[in-house]
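S.K.: For reference, the structure I am asking about is given below.
The values are calculated or read from the model by the stated rules, or taken from the named source; none is laboratory data. Being a predicted model, the structure only gives us computed values, none of them experimental. Here Cβ is always computed from backbone atoms with ideal geometry, including for glycine, and neighbour counts include all displayed protein chains. Each accessible area value is taken on the protein alone, full model and side chains, heavy atoms only, with ligands, DNA and RNA left out. Shrake-Rupley method; radii C 1.70, N 1.55, O 1.52, S 1.80 Å.
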Amino acid sequence: MNGVSGRMGYRQHLVRSILAIRDQGGIELADGTKVTVKPLLVGRSAAKLADLAAKHDIEDYTTDLDAALADPRWEIYADFLVTKARASALRKAIAAGKTIYTEKPTAESVDEALELAKLAAEAGVKTGVVHDKLYLPGLQKLKRLIDSGFFGRILSVRGEFGYWVFEGDWQPAQRPSWNYRAEDGGGIIVDMFPHWNYVLENLFGGVKTVYAQAAVHIADRWDEKGEHYTATAEDAAYGVFELEGGVVAQINSSWTVRVNRDELVEFHVDGTHGSAVVGLFGAKIQPRNATPKPVWNPDLEDTHDYDADWQNVPTNDVFLNGFRQQWEEFLVSYVTETPYEFDLLAGARGVQLAAAGLQSSREGRKVELPALDI
């Protein structure tokens, strides 16, 4: 596990996924056998790794990635590094014949992401890319609605994501400063468009075109040491996506928005037979036979409670932590040698959408996304 000292690598992948699986004794397969896991921590700081290992009763850690990849005891290489460092590490893992599970974006360019997918296919290496948003309880409820035919024909999707990230002068920023420097791989398009790609293509249809407007709304920020710097990467992006099947999606992504919604991300889906609003956990619906009939009249105060017209969707299931659920599915797929759809090619499509979004913003036009294959 390379990069576990970072926030996401530590909290979601190590503690809430791999260690949770380890501590429950593994994953039980259909035949009654169990898949157990044993982590090897990899990073640059031996002191940090030693602290993590002692804190969580982990036997193995190293600062030597090459030695770890050469050791046949370790079957899977998991990557949670910053984007700029990821592609070179993935190439090493592919060359070593390791199964790969990685965060996204998988590379800094479409060509590089596609090259990694091709190298893995040629080497016969199984790969998995994190698609964590699909495992959110709210989006699992949304998928259940879609699969049941609740919406009829889906017309549109509107997404709102984001929150206010402090500039760092009078309150510390809650995101790292490299997020706001393009030269360090920052920017909300590179960060979030790969997520939107897999959410859209797995729930509504593949992305055919994108029109995006990026903005650096706040240029003056202060880093972790309290030193001023000028942001060079966008802190907000406003995107319109044309999907297969005629669905139109609009998603706003912003680190400069004050939240006035139930959750930090919400998707509003409209269909001919009904609509839904879903977030990280919640989901509410309005079928067509319970839809009110508003009449626009700016001269009279509208006292109708539109929120009351929506019905909450029951949970009906026990949802695991999304990162852990995907880890379990990937590990079972690895052990049983079954196909896994969220692979490096799927990751390349996410990189492609981010690149197309940046191109669209630069050129002020809609950009088409050709099909990728290996």
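S.K.: Looking at the stretch 113-125, which of its residues are free of Cβ contacts under 8 Å to residues at least 60 places away in the same chain and open to solvent by 30 Å² or more (accessible area, probe 1.4 Å)?
M.R.: Residues satisfying the conditions are Glu115, Leu119, Glu122, Ala123, Gly124.
S.K.: Just to be sure before I move on: is Phe342 surrounded by 18 or more Cβ atoms within 10 Å (Cβ to Cβ) and either assigned to a loop (DSSP other than H, G, I, E, B) or in contact with a Lys or Arg (Cβ under 7 Å, 6 or more places away or on another chain) (or both) in the structure I sent?
M.R.: yes
S.K.: Among the candidates Gly152, Gly138, Gly128, single out the residue that is under 30 Å from Thr272 (Cα atoms), in contact (Cβ under 8 Å) with a residue 60 or more places away in the chain and not in a helix (DSSP H, G or I).
M.R.: Just a single option satisfies the conditions, and that option is Gly152.
S.K.: Are there any pairs with C-beta distances below 6 angstrom linking a residue in the stretch 311-335 that is open to solvent by 20 Å² or more (accessible area, probe 1.4 Å) to a residue that is aliphatic (A, V, I, L, M) and in a helix (DSSP H, G or I), with the two at least 6 apart or on different chains, and if so which?
M.R.: Arg324/Ala20
S.K.: I need a count of the residues in the stretch 97-112 that are outside any loop (DSSP other than H, G, I, E, B) and either surrounded by 23 or more Cβ atoms within 10 Å (Cβ to Cβ) or not acidic (Asp, Glu) (or both).
M.R.: Residues flagged as outside any loop (DSSP other than H, G, I, E, B) and either surrounded by 23 or more Cβ atoms within 10 Å (Cβ to Cβ) or not acidic (Asp, Glu) (or both) within the stretch 97-112 amount to 5.
S.K.: Counting only residues that are open to solvent by 50 Å² or more (accessible area, probe 1.4 Å), in contact (Cβ under 8 Å) with a residue 12 or more places away in the chain and not hydroxyl-bearing (Ser, Thr, Tyr), how many does the stretch 16-36 have?
M.R.: 2
S.K.: Please work out which residue is nearest to Gln213 (Cα to Cα), limiting yourself to the stretch 180-191 and to residues that are in a helix (DSSP H, G or I) and open to solvent by less than 10 Å² (accessible area, probe 1.4 Å).
M.R.: My answer is Ile189.
S.K.: Condition first: part of a loop (DSSP other than H, G, I, E, B), of a type in the set (A, V, I, L, M) and touching a helix residue (DSSP H, G or I) at 6+ places or on another chain (Cβ under 9 Å). Now tell me which residues in the stretch 316-336 satisfy that.
M.R.: Passing the criteria: only Leu320.
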